[in-house]
Amino acid sequence: MTEKIYGNSFALQTFSSMFRSGRIPHSFLIYGEKGLGKKTLAKYLAMSLLCENRNDGTPCGECHSCRIAQKNVHPDIIFPEQSGKLNTYTVETCRHVCTDAFVVPNNSDIKIYIFADADNIQLPAQNALLKIIEEPPAHVRFIFTAKSKDAFLPTIISRVTSVGASACTEKECITALSEKNYSDTDIKNAVNSFGSNIGMCIEYMENPQLQSVSALTKRAVNSIINKDEYSLLTVFSDPEFKDRSITAEFLKMLDNAIRDCVAIRYNPNISCSSCCKPEVSVLSEKLSVKSAMKIHTYLDKAASEIRANVSSALVMSALCGEIIDS
Ligand SMILES: [Zn+2]
């Protein structure tokens, strides 16, 4: 059976209307925040494109092509390799794809390159792909996934069909997680932190570090809500911050919360990427956009100091004062 897709009804409808009209673009970008199932959608789209039984945008899940695609061994679904310092698609990899694209597919009429998590793809690599995306061989399709369209050159964006991934409802999220056999208590905690973002809920349940960081972020947001410098200092001097990777992760998560605060003011129904939507809603009523921007700048500065190996204790105590003053 094909992997079930929760949420993303907009993307699925877009695919199915493309297939029904018979006008299927050769390149796609599936974009949206982490955890919304972009890679699952990319795989689903690739299966639909290759399915031997249907051409309505839903893979049958039973033909030879669907079955090998589900086992991730379809020779015509190609995942170019990510490498280098940024762990991304290098110019060399992209040039190789340009050459390889002219080789006819193995099993099917078409071959599909999936550039998953292409957020860090650098300009030279994008330039290398430009021509092939503009005029690909008839048997080639490209699917990119990224958190944001901003990762790409406008010339790439104008040549791909962009489809936004979207969150499912909380009920759909709980059903999806129950089907993956997580316990009710774990699911409840995860949904309390990450709402209906299935990918982040799974990461939360699987990753103890994310659980600590989320708990610290919630405490920090509550301290900022109450303008309580002492409690914020207590959070910021937590022994967990001896681990620099935890400090870095925390600064990113708190920054997401602050960003969500601003976003929620403009659209209360927006799906949050931070771990504490209820707290963020309260904070958004108390924090002006100007203060939020200031805090964002301080968090950004603190994150780059942590990357530059400045002591966590120093960075965190300076940051505490800056946040309370803003
Ligand atoms: Zn099929």
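Using the Cα centre as the reference, give the magnitude of the dipole from point charges on the C-beta atoms of region 210-326 (Lys, Arg: +1; Asp, Glu: -1; all else neutral), rounded to the nearest 20 debye.
Details: 14 positive and 14 negative charges, 51 e Å.
Computed charge dipole of region 210-326: roughly 240 debye.
Put +1 on the Cβ of each Lys and Arg and -1 on the Cβ of each Asp and Glu in region 207-325; which of Leu287, Pro239, Ala318 then has its Cα farthest toward the positive end of the dipole?
In region 207-325, that residue is Leu287.
What does the charge add up to near Val97, with Lys and Arg as +1, Asp and Glu as -1, over the other residues with Cβ less than 11 Å from its Cβ?
Details: positive: Arg95, Lys111; negative: Glu81, Glu92, Asp100.
For residues surrounding Val97, the net value is -1.
Whats the longest run of the chain with zero GluC sites (Glu not before Pro) that are DSSP loop and have at most 16 other Cβ atoms within 10 Å?
Details: sites that count: Glu3, Glu52, Glu62, Glu81.
Looking at the chain, 82-326 is the longest stretch - no exposed GluC sites (Glu not before Pro) with at most 16 other Cβ atoms within 10 Å.
Which of the chymotrypsin sites (Phe, Trp or Tyr not before Pro) found in region 68-155 are loop residues per DSSP with 16 or fewer other Cβ atoms within 10 Å of their Cβ? The partial results should precede the final answer.
Numbers: sites: Tyr89, Phe102, Tyr113, Phe115, Phe142, Phe144, Phe152; in loops: Tyr89, Phe102, Phe152.
Filter output for region 68-155: Phe102.
By DSSP, what percent of the beta bridges with both residues in the chain are antiparallel, rounded to the nearest 5? Mind dumping the intermediate values first?
Details: 1 of 17 bridges.
So the antiparallel bridges amount to about 5 percent of the total.
Going down the table (Lys4/Lys147; Lys34/Lys149; Lys147/Lys171), which pairs top 18 Å between alpha carbons? Don't jump to the answer; show the numbers that get you there.
Details: Lys4/Lys147 22 Å; Lys34/Lys149 13 Å; Lys147/Lys171 24 Å.
Where the Cα-Cα span goes over 18 Å, the pairs concerned are Lys4/Lys147; Lys147/Lys171.
Please tell me the relative contact order of the chain in percent, rounded to the nearest whole number, where contacts are Cα pairs under 8 Å and at least six residues apart.
Working: 491 pairs, mean separation 54.2, N = 326.
Taking the mean separation of contacting Cα pairs over the length of the chain, I get 17 percent.
In Å², what does the accessible area per residue of the chain work out to with a 1.4 Å probe?
Working: 16310 Å² over 326 residues.
Per residue, the chain has an accessible area of 50 Å².
What do you get when you divide the Cα radius of gyration of the chain by 2.2 N^0.38 Å, with N the number of residues? It would help to have the intermediate numbers written out before the result.
Values: Rg = 22.0 Å, N = 326, 2.2 N^0.38 = 19.8 Å.
Computed over Cα atoms of the chain, the ratio equals 1.11.
Please report, in debye to the nearest 20, how large the charge dipole of the chain is about its Cα centre when each Lys and Arg carries +1 at its beta carbon and each Asp and Glu carries -1 there.
The dipole magnitude comes to about 520 debye.
Under a point-charge model restricted to the Cβ atoms of Lys and Arg (+1) and Asp and Glu (-1), what is the dipole moment magnitude of region 138-279 relative to its Cα centre, in debye to the nearest 20? The partial results should precede the final answer.
On the way: 16 positive and 17 negative charges, 118 e Å.
Computed about the Cα centre, the dipole is about 560 debye.
Sort region 171-293 into rounded, prolate or oblate with this rule: let a ≥ b ≥ c be the square roots of the eigenvalues of the Cα gyration tensor; rounded if a/c is under 1.5, and if a/c is not under 1.5, prolate when a/b is larger than b/c, oblate otherwise.
Working: a/c = 2.26, a/b = 1.28, b/c = 1.76.
Since a/c reaches 1.5 but b/c is at least a/b, the shape of region 171-293 is classed as oblate.
Add +1 for every Lys or Arg and -1 for every Asp or Glu among the other residues with Cβ under 12 Å from the Cβ of Asp186, and state the total. List each step's numbers first, then the result.
Numbers: positive: Lys180, Lys188; negative: Asp184, Glu206.
Its environment carries a net charge of 0.
Relative to the longest principal axis of the chain, what angle (0 to 90°, nearest 10) does the C-alpha long axis of helix 289-307 take?
80
Just to confirm the number: angle between the C-alpha axis of helix 38-50 and the first principal axis of the chain, 0 to 90 degrees, nearest 10?
In the chain, helix 38-50 runs at an angle near 10 degrees to the longest axis.
If you roll a 1.4 angstrom probe over the protein chains with everything in place, what fraction of the accessible area of the chain belongs to carbon and sulfur, to the nearest %?
On the way: 8380 of 16310 Å².
Summing carbon and sulfur atoms, their accessible area is 51 percent of the total for the chain.
Roughly what angle does helix 184-194 make with the longest principal axis of the chain, taking Cα atoms, 0 to 90 degrees, to the nearest 10?
The angle comes out at about 80 degrees.
In whole Å and largest first, what semi-axes does the C-alpha gyration tensor of region 85-213 yield when each eigenvalue is scaled by 5 and square-rooted?
Value: 36, 17, 14 Å, ordered largest first.
The values are calculated or read from the model by the stated rules, or taken from the named source; none is laboratory data. Computed from a predicted structure; not experimentally measured. So basically every Cβ, Gly included, is an ideal-geometry build from the backbone, and we count neighbours across all protein chains shown. Heavy atoms of the whole protein, side chains included, go into the accessibility calculation; ligands, DNA and RNA do not. Shrake-Rupley method; radii C 1.70, N 1.55, O 1.52, S 1.80 Å.
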